[in-house]
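Asker: Below you will find the structure I want to go over with you.
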Amino acid sequence: MSANAFTPLTILARELLPHALEPSEDGAHDLAHLQRVWHNVRTLQAEEGGDLEVLLAAVLLHDCVSVEKNSPLRSQASRLAAKKAANVLAGLDWPESKISSVAHAIEAHSFSANISPLTLEAKIVQDADRLDSLGMLGVARTFYVAGRMGSALYDPHDPEAKERDYDDMRFCLDHFQTKLLHLAEGFQTAAGQGLAQIRHQRLKGFMEQFKEEIDIG
């Protein structure tokens, strides 16, 4: 895996990349995802500030433990990743204060973990990761994951769940209502909020066109 995409901290990236991703076929949480999240972090950090070393370590190690979306351990994934990351950084002789900062940012990045980010770095990492679940990338990743999980595109009898509960484990379209269309409400930084609203509007536009094409608009 190339460290060149993680400028200006390519030396640190070279140290951490071997620990970043477990062997997995999950193309929604791969090197390309890490690169996109780092790009988002750099954009947010330029306006908000924050420790770049802590931010890069949190980005590269936030998915270092692979847990499938349909696993009962899914809500524990970020805590497991934080624990592994702390061990990796301790092995590199990082100071405890920075290790704790990275671990918290990793724990708090996850939507399913429901942990509030308390530091600037944690807020930036959470925003940067969630930006990758919005806009057209969010659409692409959602349908990709649904395909891996064997979900249907939508319920042909009730696409908008007017007479049933949402079930995003069975129907991909439901995931927009259970999660994606609510993500923009919870952004932590001013810079993140601005970018989230742009991508949120793209999501809404996709939903409108999708419903038109399946004749429920």
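Asker: Filter segment 110-137 for residues that are open to solvent by less than 50 Å² (accessible area, probe 1.4 Å), touching an Asp or Glu at 6+ places or on another chain (Cβ under 7 Å) and modelled with pLDDT of 95 or more; which is nearest to K179 (Cα to Cα)? Reasoning before the result, please.
Answerer: If we filter segment 110-137 for residues that are open to solvent by less than 50 Å² (accessible area, probe 1.4 Å), which is where we start, we get 110, 113, 115, 117, 119, 121-122, 124-135.
Retained after the next criterion (residues that are touching an Asp or Glu at 6+ places or on another chain (Cβ under 7 Å)): 113, 115, 121, 124.
The next check asks that each one be modelled with pLDDT of 95 or more; those that pass are 121, 124.
Values: E121: 23, I124: 20 Å.
So, considering only residues that are open to solvent by less than 50 Å² (accessible area, probe 1.4 Å), touching an Asp or Glu at 6+ places or on another chain (Cβ under 7 Å) and modelled with pLDDT of 95 or more, the one nearest to K179 (Cα to Cα) is I124.
Asker: Tell me whether segment 121-138 contains one or more residues that are over 23 Å from V67 (Cα atoms) and touching a Phe, Trp or Tyr at 6+ places or on another chain (Cβ under 8 Å).
Answerer: The answer is yes; a qualifying residue exists.
Asker: Quick check: anything in segment 30-37 open to solvent by 40 Å² or more (accessible area, probe 1.4 Å) and in a loop (DSSP other than H, G, I, E, B)?
Answerer: Yes: one or more hits.
Asker: Right, something else. Which of the residues spanning segment 15-63 are hydroxyl-bearing (S, T, Y) and over 15 Å from A81 (Cβ atoms)? Break it down stepwise before answering.
Answerer: Initially, segment 15-63 is screened for residues hydroxyl-bearing (S, T, Y), giving 24, 43.
Selection gives T43 alone.
Asker: Looking only at residues in segment 164-214 that are within 19 Å of H39 (Cβ to Cβ) and among the basic types (K, R), which one is surrounded by the most Cβ atoms within 10 Å (Cβ to Cβ)?
Answerer: Looking at the filtered set, the residue picked out is R199.
Asker: When only residues in segment 18-29 that are assigned to a loop (DSSP other than H, G, I, E, B) and either under 13 Å from V88 (Cβ atoms) or of a type in the set (V, I, T) (or both) count, which is least open to solvent (accessible area, probe 1.4 Å)?
Answerer: If we filter segment 18-29 for residues that are assigned to a loop (DSSP other than H, G, I, E, B), which is where we start, we get 20-29.
If we keep only those that are either under 13 Å from V88 (Cβ atoms) or of a type in the set (V, I, T) (or both) as well, we get 20-22.
Values: A20: 0, L21: 45, E22: 69 Å².
Filtering first and then ranking leaves A20.
Asker: Another question, if that's okay. Scan segment 131-143 for residues that are within 12 Å of V41 (Cβ to Cβ) and out of contact with any Lys or Arg (no Cβ under 6 Å at 6 or more places or on another chain) and jot them down. I'd like the intermediate steps shown before the answer.
Answerer: Taking segment 131-143 first, the residues within 12 Å of V41 (Cβ to Cβ) are 131-132.
Listed by number, the list holds a single entry, L131.
Asker: Go over the candidates N87, N70 one by one and state the one that is open to solvent by 60 Å² or more (accessible area, probe 1.4 Å) and either modelled with pLDDT under 95 or closer than 17 Å to K179 by Cβ (or both).
Answerer: Working: N87 fails: either modelled with pLDDT under 95 or closer than 17 Å to K179 by Cβ (or both).
One residue alone meets the criteria, N70.
The values are calculated or read from the model by the stated rules, or taken from the named source; none is laboratory data. Remember, it's a predicted structure, so these values are computed and weren't measured experimentally. Please note: Cβ atoms are built from the backbone with ideal geometry, for glycine as well, and neighbour counts cover all protein chains shown. Accessible surface is based on the protein model in full, side chains and every heavy atom, while ligands, DNA and RNA are left aside. Shrake-Rupley method; radii C 1.70, N 1.55, O 1.52, S 1.80 Å.
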